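These notes concern the structure reproduced below.
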Amino acid sequence: MIQGDRAREIQTALTREGYMKGEPSGVWDEPTKDAMTRYQVDHGWQAKTLPDSRALIQLGLGPSHKDAINAPAVSANLPAQAQPVKNSAVSENRQ
């Protein structure tokens, strides 16, 4: 069972995508389950009433990465000695 606030978020997203009508209730009811099932089937995913991670991500409700480390930006700022070293022996053998 999906709790109130999360159900409301999902209902809002399903409404935005045209799978539900009306105001989000925050109740994981039959119309919500039906909308979720249709959404997932239309995208080629499972036909269950509970959303899978792909559906949540596609609806913009996946995990938040706002506090995650941005790996490309971090590696670009590494000092030269921390950058990967080219293996000259391997390079010479390929020529």
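The values are calculated or read from the model by the stated rules, or taken from the named source; none is laboratory data. These numbers were taken from a predicted model, which means no experiment stands behind them. A quick note on method: Cβ atoms are made from the backbone with ideal geometry, for glycine too, and the neighbour counts reach across all protein chains shown. Ligands, DNA and RNA are stripped out before the accessible areas are found, and what is left, the full protein with its side chains, is counted by its heavy atoms. Shrake-Rupley method; radii C 1.70, N 1.55, O 1.52, S 1.80 Å.
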_Label-to-label distance, nm, for residues given as Glu23 and Leu61 (7 Å Cα→Cβ offset)_ = 1.9
*When ligands, DNA and RNA are left out and all protein chains stay put, how many square angstrom of accessible area per residue does region 1-42 have with a 1.4 Å probe?*
60
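Stretched out fully, how many nm does the piece from Leu50 to Asp34 gain, at 0.36 nm a residue minus the Cα gap?
On the way: separation 16, 0.36 × 16 = 5.76 nm, distance 0.99 nm.
The Leu50-Asp34 span can extend by a further 4.8 nm.
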_Taking θ = phi - 60°, what integer Hz values does the Karplus form 6.51 cos²θ - 1.76 cosθ + 1.60 yield along region 11-26, in sequence order, with x for Gly and Pro?_
4, 4, 5, 5, 5, 4, 8, x, 9, 9, 10, x, 8, x, 9, x
